[in-house]
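To keep things clear, I will list the structure first and then write my remarks on it.
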Amino acid sequence: MPIKQEDVPRADGMPVLGLGTWQNDDHEQCTESVRRALALGYRHVDTAQIYRNEAAVGDAIEQASIPREDIFLATKVWIRNLSYEDVLGSTQASLERLGTDYLDLLYVHWPSGAYEPADTLAAFDDLYEKNIIRHVGVSNFEPEHIDETRDHLDAPVFANQVEMHPFLPQTELREYAQTSDIELVAYSPLARGDVLGDETLAEIADRHEATEAQVALAWLRENDVTAIPKATGEAHIRENLESLSLELETDELEAIDAISTRERKVQPEFAPDSWE
Ligand SMILES: NC(=O)c1ccc[n+]([C@@H]2O[C@H](COP(=O)([O-])OP(=O)(O)OC[C@H]3O[C@@H](n4cnc5c(N)ncnc54)[C@H](OP(=O)(O)O)[C@@H]3O)[C@@H](O)[C@H]2O)c1
């Protein structure tokens, strides 16, 4: 049964559960996954220039026959494209691949590579003023990087997309996001599959006849964090969406907070120095 859109919680207009697409880069498969997700009720899709699947996502949106304004579409400008001119040029190319004339959210993918706050963010401001992007996002930013944007960006920073799951609870970034009125979007919310088999999550899942993946996603939602799990086939896509109806008890949320495992799954060499 497709879920009713009015029942999907939103964070300032952004559906709190979206579909991730990293490494879903076979064109036909990616189109099928996104098409399936939209048919089941997803209305938030996360892609990026570097995922090389924007055209496949665009095909799915075209085939879905859902009004464009009902879909929250986010992409990210890759680190090589962060000069003023390249932000504008590469975003235009993203729009063409996605088959749309605007983006709901455009992220700076990492504060790295060609990222120069004054230069990069001036281009984001231009896109925002022209209404080509409805929101400016950042990704993999630490509080000091976001503080720095305030000297260069007129548009508000809408969201920071970072790795977050029960093994990387991002306490400091959550507090910072709350006090700065910025949405937090959790990537790798299933710890890239590693939440499966965790004892605490499994025990809570059993109580609700749910799965560890659903418990991890419900924990994020109950912490006011948007999650974008990547799923390829219908079973995972559906299971993750159904986490929206899983409500956790306070003691269960506390038990997840108390998990001591610490794991960062995404740490490329261009990650911020403070992660080492
Ligand atoms: N901003 C950034 O720098 C950044 C970095 C990483 C990721 N992201 C975004 O965040 C999204 C999600 O992160 P991620 O792809 O790293 O990892 P993830 O969502 O934590 O995990 C994806 C893995 O979990 C599996 N899975 C999905 N649902 C499942 C379920 N219900 N039960 C069991 N296994 C399940 C998937 O398998 P199947 O594919 O076979 O379903 C896949 O192997 C990405 O796709 C991307 O859009 C952004």
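Among the residues of the stretch 205-238, those identified as free of Cβ contacts under 8 Å to residues at least 60 places away in the same chain and either under 18 Å from the mean Cα position of the chain (by Cα) or closer than 21 Å to GLU163 by Cβ (or both) are THR211, GLU212, ALA213, GLN214, VAL215, ALA216, ALA218, TRP219, LEU220, GLU222, ASN223, HIS236. The single condition among (1) open to solvent by less than 10 Å² (accessible area, probe 1.4 Å); (2) in contact with a strand residue (DSSP E or B) (Cβ under 8 Å, 6 or more places away or on another chain); (3) hydrophobic (A, V, I, L, M, F, W, C) that VAL16 does not satisfy is (1). Which numbered condition trips up ASN160, out of (1) buried (at least 19 other Cβ atoms within 10 Å of the Cβ); (2) closer than 19 Å to ASN240 by Cβ; (3) within 11 Å of the ligand (Cβ to nearest atom)? Condition not satisfied by ASN160: (2). Residues that are away from the ligand (no atom under 11 Å from the Cβ) and under 16 Å from the mean Cα position of the chain (by Cα) were ranked within the stretch 39-66; the one that is farthest from ASP101 (Cα to Cα) is TYR42.
Okay, residues lined up against (1) closer than 30 Å to LEU88 by Cα; (2) open to solvent by 10 Å² or more (accessible area, probe 1.4 Å):
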| site | (1), (2) |
| --- | --- |
| PRO143 | yes, yes |
| HIS152 | yes, yes |
| PRO166 | no, no |
| ALA202 | no, yes |
| GLU209 | no, yes |
| TRP219 | no, no |
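Does at least one position in the stretch 251-263 carry a residue that is under 14 Å from LEU168 (Cβ atoms), within 12 Å of the ligand (Cβ to nearest atom) and not aliphatic (A, V, I, L, M)? Yes, the conditions are met somewhere in the stretch 251-263. Quick one: in the stretch 168-179, which of the residues that are surrounded by fewer than 19 Cβ atoms within 10 Å (Cβ to Cβ) and touching a strand residue (DSSP E or B) at 6+ places or on another chain (Cβ under 8 Å) is nearest to ASP194 (Cα to Cα)? Looking at residues that are surrounded by fewer than 19 Cβ atoms within 10 Å (Cβ to Cβ) and touching a strand residue (DSSP E or B) at 6+ places or on another chain (Cβ under 8 Å), I get GLN170. Taking the stretch 1-30, which residues are within 11 Å of the ligand (Cβ to nearest atom) and in a loop (DSSP other than H, G, I, E, B)? Those that are within 11 Å of the ligand (Cβ to nearest atom) and in a loop (DSSP other than H, G, I, E, B): GLY18, THR21, TRP22, GLN23, ASN24, ASP25.
The values are calculated or read from the model by the stated rules, or taken from the named source; none is laboratory data. A quick note: this is a predicted structure, and the numbers were derived from the prediction, not measured. Quick reminder, even Gly has a Cβ in these numbers, built from the backbone with ideal geometry, and neighbours come from all protein chains shown. SASA here: full protein model, heavy atoms, side chains in, ligands and nucleic acids out. Shrake-Rupley method; radii C 1.70, N 1.55, O 1.52, S 1.80 Å.
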